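Asker: One structure, as structure tokens, below. Some questions next.
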Amino acid sequence: MTAQTIDGKARAARIIDAVKRAAEALRHETGTEPGLAVVIVGEDPASQVYVGSKARTAKECGFKSVKHVLGADTTEAALLGKIRELNADPTIHGLLVQLPLPGQIDEAKVIEAIAPDKDVDGFGLTNVGRLSTGAIDEAFVPCTPAGAMILIRDVVGDDLSGKTAVVVGRSNIVGKPMAQLLLAANATVTIAHSRTKDLPAVCRGADILVAAVGRPEMITGDYVKDGAVVIDVGINRIAAPEKGLSDDGKPKTRLVGDVAFASAAEKAAAVTPVPGGVGPMTIAMLMANTLTAAYRAAGKTPPG
Ligand code: NDP
């Protein structure tokens, strides 16, 4: 079987286009310009890249976009103070703190400090609770699983009744909310993790297999049922000596997912690539969530 490659980049571009038009309509009707604030603590290079691309896309959508860069030695109190300030700022509708945070700061405390109606990452307990109790329309759903779910719906359909789904990974930001979304769409869901016995056999039971593990190309064709839809959330940077050396003398690198694409594609009906699959959808969903927050703040019903 030759699997379909699910084009997350093109799908994300369509979402961003729709967000751009809806932002323009909101501005026209109410004068409200959606505002996204991203707070970053320290100089982690991967975080800098993510924050840069979030800010760029926000500008592309016609949003007000602000970035607050705090030093790596910032105290928890100073960060909480910045969050309080942004919570109170009426021009900011979406507020996120780039994770991970330096060790002196309690991440859970920081996430909980973000006002639930500005928590566009959907990591705070209010939004987690809404998602888990089925109040999905009121929740901000974490952007990566929300984006993955759109790709799944595109390929499989809105109602996953009778389908089995396996999510490999149980993190709060990907695995658990992914499982909640699949469950809400009526799939029969298994969450697998590092303590799962005979993972390949568990995965081979899946009509929909989501890999959110953080292990380069771990999910090979041996884990994939014939005709399954495989969603690769993983983003792993690995050495690519075949590309030669960088200026610093170290081997160049490349991005790979948690799925061994070619091997999985021999069995699957459809697979997301890395890059160009779930990654671009994550940023698109952040824009969609920020737009929703701005519509709500303006007393308007957000577009679907
Ligand atoms: P975490 O490290 O928080 O969670 C990884 C999960 O995988 C854990 O539940 C862990 O199990 C499980 N796991 C680890 N090793 C194995 C194994 N050998 N067998 C089975 N399960 C295993 O990662 P995240 O959820 O934050 O991210 C997962 C991946 O998704 C990463 O590659 C990350 O870079 C990527 N990512 C991509 C995003 C995007 O925009 N596309 C956004 C966020 C993340 P246990 O709980 O037992 O330890």
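Every read-out reported here was derived from the displayed coordinates using simple, explicitly stated rules and does not represent laboratory data. Keep in mind that this is a model prediction, so the values were computed, not measured. Note: ideal-geometry Cβ built from the backbone for every residue, glycine included; neighbour counts use all protein chains shown.
Asker: Rounded to the nearest 10 degrees, what's the angle between the helix 8-30 long axis and the longest principal axis of the chain, both from Cα atoms, 0 to 90?
Answerer: Rounded to the nearest ten degrees, it is 20.
Asker: Given Cα pairs under 8 Å that are at least 6 residues apart, what percent is the relative contact order of segment 1-104?
Answerer: 35
Asker: With a/c under 1.5 counting as rounded, go ahead and sort segment 30-116 into rounded, prolate or oblate using the C-alpha gyration tensor (a ≥ b ≥ c being the square roots of the eigenvalues; past the cut-off, prolate if a/b is larger than b/c, else oblate).
Answerer: Oblate, because a/c is 1.5 or more while a/b does not exceed b/c.
Asker: Counting other C-beta atoms within 10 Å, and keeping those with at most 14, which DSSP coil trypsin sites (Lys or Arg not before Pro) do you find in segment 226-285?
Answerer: On the way: sites: Arg237, Lys243, Lys252, Arg254, Lys267; in loops: Lys252, Lys267.
When the trypsin sites (Lys or Arg not before Pro) of segment 226-285 are filtered for loop state and at most 14 Cβ neighbours within 10 Å, Lys252 remain.
Asker: I've got another one for you. With a cut-off of at most 13 other beta carbons within 10 Å, and DSSP calling the residue loop, which trypsin sites (Lys or Arg not before Pro) in segment 149-236 qualify? Please list them.
Answerer: Hits after loop and neighbour filter: Arg195, Lys197.
Asker: Considering only DSSP states other than H, G, I, E and B, which GluC sites (Glu not before Pro) in segment 7-88 qualify as loop sites with at most 13 other Cβ atoms within 10 Å?
Answerer: For GluC sites (Glu not before Pro) across segment 7-88 that sit outside H, G, I, E and B with at most 13 neighbouring Cβ atoms in 10 Å, the list reads Glu43.
Asker: Also, quick follow-up: Rank the residues Asp137, Asp119, Asp248, Asp7 as a footprinting-exposure proxy: fewest other Cβ atoms within 10 Å of their Cβ go first.
Answerer: Fewest-to-most ranking of Asp137, Asp119, Asp248, Asp7: Asp248, Asp137, Asp7, Asp119.
Asker: Extension gain Arg153-Asp247, at 0.36 nm per residue separation less the Cα-Cα distance, in nm?
Answerer: Extending this stretch completely gives an extra 29.5 nm.
Asker: OK, next. Extension gain Asp7-Ser132, at 0.36 nm per residue separation less the Cα-Cα distance, in nm?
Answerer: Full extension of this stretch gives 42.1 nm more.
Asker: Using just the helices of the chain, give the 222 nm mean residue ellipticity in deg cm²/dmol: DSSP H runs with n ≥ 4 each add -39,500 (n - 2.57), and the total is spread over all residues, rounded to 500. All intermediate terms of the calculation are to be shown ahead of the outcome.
Answerer: Values: 10 runs with 120 residues, N = 304.
For the chain, the value works out to -12500 deg cm²/dmol.
Asker: Here's a follow-up. Out of residues 5 or more away from Thr253 or on other chains, whose amide H comes under 5 Å of its own, with H placed 1.01 Å from N in the peptide plane?
Answerer: Ala240
Asker: Follow-up. Cut-off 10 angstrom, C-alpha nodes, Gaussian network model of the chain. Which of Gly214, Gly31, Gly276 fluctuates the most?
Answerer: Gly31
Asker: Taking only Cα atoms, what is the 0 to 90° angle, nearest 10, from helix 143-156's long axis to the longest principal axis of the chain?
Answerer: Taking Cα atoms only, the helix is inclined about 50 degrees.
Asker: Additional query: Any chance you could run the full-extension gain for Lys20 through Ala262? It's 0.36 nm times the residue separation minus the Cα-Cα distance, nm to one decimal.
Answerer: So the chain would gain 83.6 nm between Lys20 and Ala262.
Asker: Which whole-Hz couplings ³J(HN,Hα) result when phi for each residue of segment 128-138 is put into the Karplus expression 6.51 cos²θ - 1.76 cosθ + 1.60, θ = phi - 60°, listed in order with x for Gly and Pro?
Answerer: Taking θ as phi minus 60°, the curve returns 4, x, 4, 4, 6, 9, x, 8, 5, 5, 8 Hz for segment 128-138.
Asker: Go ahead and set up a Gaussian network model of the chain, Cα springs under 10 Å, then flag whichever of Gln48, Gln104, Gln180 fluctuates most.
Answerer: Most flexible of the set in this elastic network: Gln104.
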